[in-house]
Amino acid sequence: MTLMFDPTRLSACALPPDASARLRPIVIENERPADGPAREALLDEAFGEERFAKTCQRLRDGRATAEGLALVARDGEALVGTLCCWNVTAGDRPALLLGPVAVARSHRSIGIGSALMREALLRAAACGHKAVLLVGDAPYYCRFGFAASLTRGLDLPGPVERARFLGFEITPGALKDSKGMVTAADVPACKRASSLRRAA
Ligand SMILES: CC(C)(COP(=O)(O)OP(=O)(O)OC[C@H]1O[C@@H](n2cnc3c(N)ncnc32)[C@H](O)[C@@H]1OP(=O)(O)O)[C@@H](O)C(=O)NCCC(=O)NCCS
């Protein structure tokens, strides 16, 4: 997917140093194996070292991302955004855990985070996932349809601010009456993932 920017949305403070090149498209695509160091640097910039102590990290440690759901945003060769999803079990049913999501400071507020979120949710739906969980700022994620009310019966394996523990139903009712612990899950590769990989 290619995201074309509306130049009228760019403010002077949003312009990166190479503003003359700003009108080139930002591309959302699958993360490549060589992207690891740039992705980690971006996450360090966004969240700092304490990101490794977060409760959600317990569900990611040592695991691979869900098939077709490790995305990056690229501005030319520069990695300027990242979003990953992970397979989990939410009490008695499968779900995705979304995050971390981060956009480089130099590229914020021009729609890259939203583009990553939309692409991830579309891909998740195409792969047959029915529900998505995350821990994050509700004022940002509620615009995509996430709500704390959908995770009321669920627990995470560590401390969490309930107002930041959010759910999204791809299939209406997918989180209805969900109860219990969220645990990491191993799930077979998504049938659509290889075609999504080709399309990206
Ligand atoms: C959160 C983040 C991914 C958003 O990426 P982005 O590309 O700047 O997002 P978009 O351009 O799609 O959206 C920007 C809008 O979201 C708002 N926004 C950004 N972060 C927000 C937050 N934590 N809470 C509420 N609103 C937020 C901006 O004010 C802006 O609002 P506007 O459209 O009314 O001007 C990015 O700011 C980031 O990496 N932040 C560091 C990590 C972080 O703080 N994450 C918090 C969420 S868990």
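The values are calculated or read from the model by the stated rules, or taken from the named source; none is laboratory data. Quantities reported herein were computed from a predicted structural model and do not represent experimental measurements. Neighbour counts are summed over all protein chains in view; Cβ atoms, including those assigned to glycine, are modelled from backbone coordinates with ideal geometry. Remember, those area values only see protein heavy atoms, side chains included, never the ligands or the DNA or RNA. Shrake-Rupley method; radii C 1.70, N 1.55, O 1.52, S 1.80 Å.
With the full set of protein chains in place, find how many percent of the accessible area of the range 31-162 is carbon and sulfur; take the probe as 1.4 Å.
Percent of accessible area from carbon and sulfur atoms in the range 31-162: 54.
Show me, for the range 130-146, the HN-Hα J-couplings you get by feeding each phi into the Karplus relation (A = 6.51, B = -1.76, C = 1.60, θ = phi - 60°), rounded to Hz, glycine and proline as x.
10, 8, 10, 10, 7, 10, x, 6, 4, x, 7, 7, 5, 5, 9, x, 6
Rounded to the nearest 5, what is the percent of antiparallel bridges among the DSSP beta bridges in the range 62-136?
Roughly 90 percent of the DSSP beta bridges within the range 62-136 come out antiparallel.
Hey, how much of the P(r) for the range 72-144 falls beyond 17 Å, as a percent of Cα pairs?
Across the range 72-144, Cα pairs with separations above 17 Å total 46 percent.
Evaluate E = 1/(1 + (r/R0)^6) for Ser114 and Asp186, where r is the Cβ-Cβ distance and R0 equals 22 Å; express this FRET efficiency to the nearest 0.05.
Once the sixth-power term is evaluated, E becomes 0.15.
Would you mind getting me the FRET efficiency between Cys142 and Ser106? Use the beta-carbon distance for r and R0 = 22 Å, nearest 0.05.
Working from the Cβ atoms, E equals 0.25.
Let's test the formula: R0 of 22 Å, r as the Cβ-Cβ distance of Asp61 and Glu161. What FRET efficiency results, to the nearest 0.05?
It comes to 0.60.
Using the C-alpha gyration tensor of the range 134-191, what are the square roots of 5 times its eigenvalues, in whole angstrom, with the largest one first?
Those come to 19, 16, 12 Å.
Note the full-extension length gain between Ala41 and Ser149 as 0.36 nm times their separation in residues minus their Cα-Cα distance, in nm to one decimal.
Length gained between Ala41 and Ser149: 35.5 nm.
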